[in-house]
1. Distance cut-off 23 Å, Cα to Cα: go down the list A:K286/B:K328; A:K311/B:K348; A:K260/A:K293; A:K311/B:K320 and report the pairs above it.
2. Run the simple label-point estimate for A:D53 and B:K67 please: 7 Å along Cα→C-beta, distance reported in nm.
3. Once the label point is placed 7 Å from Cα along Cβ, list for A:Q176 the distances to the corresponding points in the other copies, in nm, shortest first.
4. How many Lys pairs in the stretch A:24-100 lie less than 29 angstrom apart by Cα atoms, where the lysines are 8 or more positions apart or on different chains?
5. Could you tell me the calculated FRET efficiency between B:M243 and B:L284, based on Cβ-Cβ distance and R0 = 25 angstrom, to the nearest 0.05?
6. Copy-to-copy spacing for B:K315, label 7 Å out on the Cα-to-C-beta vector, in nm, shortest first?
7. Suppose R0 equals 22 Å; then what is the FRET efficiency for A:K311 and A:N342 from their Cβ-Cβ distance, rounded to the nearest 0.05?
8. What whole-number distance in Å separates the alpha-carbon centres of the stretch B:262-325 and the stretch A:176-194?
Protein chains: 2
Amino acid sequence: MTLKSSMINPYLDIRRFYKPKLQFEDYIEGIQKGNRTILSQAITLIESEREEDKELASRIIQFCLKKQTSSFRIGITGVPGVGKSTFIESFGLDLISKGHKVAVLAVDPSSEKSGGSILGDRTRMENLSKNANAYIRPSPSKGTLGGVARRTREVILLCEAAGYDRILVETVGVGQSETLVHSMVDFFLLLILPNSGDELQGMKRGIMEMADGILITKSDGDTLPKAKIAKADLERVIPYFSMNYDFWKPFVICISSLNKTGFSEFYQKLNLFENNVKTNLHPLAKKTYFEYKREQQSLYWFEQTFMENFKDYIKKAFQKDYEKLKQKIINKEITPFEASENFLKIFKEHFYEEH
Amino acid sequence: MTLKSSMINPYLDIRRFYKPKLQFEDYIEGIQKGNRTILSQAITLIESEREEDKELASRIIQFCLKKQTSSFRIGITGVPGVGKSTFIESFGLDLISKGHKVAVLAVDPSSEKSGGSILGDRTRMENLSKNANAYIRPSPSKGTLGGVARRTREVILLCEAAGYDRILVETVGVGQSETLVHSMVDFFLLLILPNSGDELQGMKRGIMEMADGILITKSDGDTLPKAKIAKADLERVIPYFSMNYDFWKPFVICISSLNKTGFSEFYQKLNLFENNVKTNLHPLAKKTYFEYKREQQSLYWFEQTFMENFKDYIKKAFQKDYEKLKQKIINKEITPFEASENFLKIFKEHFYEEH
């Protein structure tokens, strides 16, 4: 056996494993220049669960948060098979042709279980993913749904700082994910298959009420008549829901990605909505509906997150007491209200009263 | 001026002001015998906000909680003018004629503002209120909606211990009150006027989805055709909502309190529902749907109440920090998530870590 040069040359080993670590300034410069590689690295940093990455990630987010941008965030939901990818590819390319830069993000509740993402997959949006003005990022494959949603909100800020002014956040219409996406976007779009009512039964409660607009996909060929019935059905149902805005009634439009029909009507409506929310002042605030909603969303996430954190913390710190009280309730030894009072009492005993 | 005997006879004064105070045993005996005066006094005790009444009230509730009863709790909601009182009078008298004892309670969100209750008013249910097997109690006129709801849940236990086996809890279909009522009853009934869709717009989101059954009131005379259209409309809409039970699709029945039509169909459906939930086993528990739901409701009230309590307590204890963080979020100095982490950090500093 002879010695190979690599085994005695320390430089080769160092070069092989040495990857220059980006500094705060490198990230900021790269993001602001719209450098996709650095944007991706910054997102990876944010998604990292390593303790030592936290501070830098936080500084980057903080910086992006303060940047003034003119973005518009669109949530897109619909059951698997509704044609989300095909729609997003068409829609994204159209937005780019109108001069926009498009980021596609995903909040995927299934990634938690499968460890892999079914959404935001670049191979399903071939032309869009090749376009220099599009940035596609799949849902992180690790973490809880809440954690994924939280990071997505932060990734939005980074993409906006990188010049992407149309943010599409896709999710599937099951479980909790649309509620989370709904509270991070300016417009919420629901895609529906051209079958009438029955098929919607499995859909999560309240999802129809969250929609600012509904598109019936695959409205072409033999399915067109079905799509038209579905449209009439939906338009009959919409008045039964209370409205999100005084000035806005959710639209229902039949589209075909195949024939490219319905898209121009959709853009018209979407522009009208954006104009409305960005110019009309909210009666409760000296702000536009757009600004007010974003502010409310931020405060909502604050309340939600800290209540979640507290709940987890308190339940853990007092797990035995908590479980004991629950069992007492089930055994009908105590009412829920007394249990709650007891729990607060236990908690207060461990709290510096002088505060 | 001469002295009157009453001025020198101490007994008279004592007798005038002396009202024997009921003891725990008196309450329990009275309630179990179905003594309405004592039941009312016990409810007043529970509704009392005086610190010295708390312990006795709590002991009485505890006792009633453990009593096995065969009650069925029905929530009834609908906008003012839908005919709730007329319906409850008919329905209540029918239940009594079938051998039941009926308690009518109310959770009235308006009582908070007006200081008086518009629901559960005895004068609006003249015949029912005179019946020996009916007990009508209006909504307490003091306290927050949450407090009123909480007490109503406790009053239900007292009424059940007093032998009332059909508990009707009425509320108006606005604001938060139906959600609260929904989570304390076994069956949730929605009353609707015989107008079609448009008029439902003002209705609270999600209220249709909570209903286990819908009655269209005033379905008589000239309005009958309208009522039938409304029924068809509603039946078209119902499949768009996800279901509360695998085995149950909410019904829509046209009724007329005037002509007494629709009632027998309603009873049939209600009995079917009760039978179903009381015999079918819930797949997640070795319990009937009925038992499982009541247990879940109790745990839900526990979680809700303690989180409310904690939230109030923490926000108050750290009000300055809380407001400062909110302002920072609005000023975009900090993300909601960082604010939340900071808030938890501040909180932990005031907490005995050794716990």
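Any read-out appearing in this document is the output of simple, stated calculations on the displayed coordinates, not a laboratory observation. Since the structure is predicted, the reported quantities are computational estimates derived from the model, not experimental observations. No Cβ is skipped: glycine too gets one built from the backbone with ideal geometry, and neighbour counts run over all protein chains shown.
1. Violating the 23 Å limit, Cα to Cα: A:K260/A:K293.
2. 6.1 nm
3. In ascending order, 2.1 nm.
4. Lysine pairs satisfying the spacing and distance rule in the stretch A:24-100 number 9.
5. Using R0 = 25 Å, I get an efficiency of 0.95.
6. Its label point is 2.1 nm from the equivalent points in the other copies.
7. E(calc), rounded to 0.05, equals 0.80.
8. When both Cα centres are located, 27 Å separates them.
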